[in-house]
């Protein structure tokens, strides 16, 4: 029984690694263009937020990762609402047929609005996901008056956010990026997830990858486009399984964003978590991660 379970776990890990690697390197089909934008948005009265938090019209965009969906970011959004730090305003669905649908509530004076983005094709190539995210941000500025935004991404959603800023960082059609929270982001790909170094050893060495994945090397070439004055919180997990990873993403790969964006950020903060609640699909459901995210953003 134990052997069968281990085999199943290994198969799932292999499937994730293969699938996510295909997404990262850009294979997997043609890019789906946005052909139509729909809106079912109602006006809403201002929600009273907790006085301890800073209030502004800056929107915070939440994005899931490979094979993810609304469930990937629901917990983080709910925790921010319950804390009185922010309010969920919009859900943006991007469908396989190229339709982008905005649903929810909006008012020109809304404070600390949260926007949840959901890709129906959650296996789409990363270049497609980056394009979709870019189009969402353009719509937020042109139709909803959003001039600045924060972004929270889990897993490959974290990569999408950083890559979008690298590719379109100078695009005046976008709102200004202020803060980013990356959770379990495989920035140097799914490499090194069987490394034997301990978390403590990893943190004592430079964040520069030992070798650059194809994906990471491509990001390095766009460093100059990344917006100025951005603050970044990087959340990293290690399940203490002896292989220095969160079950899917190595600590080294998650840390590599600090090398990628070296001397480009106004602030860089790393939060390490260990144990079962630091697993790849547990970090975005972790109360301490939510608390740290809320404190960082608002």
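The values are calculated or read from the model by the stated rules, or taken from the named source; none is laboratory data. Keep in mind the model is a prediction, meaning the values are calculated, not measured. Reconstructed Cβ throughout: ideal geometry from the backbone, glycine too, with neighbour counts over all protein chains shown.
I'd like to know if the stretch 229-244 contains one or more residues that are modelled with pLDDT under 95, over 26 Å from residue 54 (Cα atoms), in contact with a helix residue (DSSP H, G or I) (Cβ under 7 Å, 6 or more places away or on another chain) and in a loop (DSSP other than H, G, I, E, B).
Initially, the stretch 229-244 is screened for residues modelled with pLDDT under 95, giving 238-244.
Of the ones still in play, those that are also over 26 Å from residue 54 (Cα atoms) are 238-244.
Restricting the remaining residues to those that are in contact with a helix residue (DSSP H, G or I) (Cβ under 7 Å, 6 or more places away or on another chain) gives 238-239, 244.
Now narrow it down to the ones that are in a loop (DSSP other than H, G, I, E, B): 239, 244.
Yes, the conditions are met somewhere in the stretch 229-244.
Residue-wise test of (1) surrounded by fewer than 16 Cβ atoms within 10 Å (Cβ to Cβ); (2) in contact with a strand residue (DSSP E or B) (Cβ under 6 Å, 6 or more places away or on another chain); (3) at pLDDT 90 or above; (4) over 21 Å from residue 294 (Cβ atoms).
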site: 155; (1), (2), (3), (4): no, no, yes, no
site: 164; (1), (2), (3), (4): no, no, yes, yes
site: 188; (1), (2), (3), (4): no, no, yes, yes
site: 208; (1), (2), (3), (4): yes, no, no, yes
site: 214; (1), (2), (3), (4): yes, no, yes, yes
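What tally of residues in the stretch 42-54 results from selecting those that are exposed (fewer than 14 other Cβ atoms within 10 Å of the Cβ) and touching a residue at least 40 places away in the same chain (Cβ under 8 Å)?
5
Which condition does residue 78 not pass, out of (1) part of a loop (DSSP other than H, G, I, E, B); (2) free of Cβ contacts under 8 Å to residues at least 24 places away in the same chain, if it passes all the others?
Residue 78 satisfies all of (1) part of a loop (DSSP other than H, G, I, E, B); (2) free of Cβ contacts under 8 Å to residues at least 24 places away in the same chain except (1).
Can you work out which of the residues in the stretch 85-125 that are at positive phi and either surrounded by fewer than 18 Cβ atoms within 10 Å (Cβ to Cβ) or assigned to a strand (DSSP E or B) (or both) is modelled with the highest pLDDT?
The extreme case among them is 104.
Residue 202 versus (1) modelled with pLDDT of 90 or more; (2) surrounded by 14 or more Cβ atoms within 10 Å (Cβ to Cβ): which is the lone unmet condition?
With (1) modelled with pLDDT of 90 or more; (2) surrounded by 14 or more Cβ atoms within 10 Å (Cβ to Cβ) applied to residue 202, the lone miss is (1).
Those residues that are out of contact with any strand residue (DSSP E or B) (no Cβ under 6 Å at 6 or more places or on another chain) and under 30 Å from residue 48 (Cα atoms), I need them from the stretch 111-134; list them, please.
111, 112, 133
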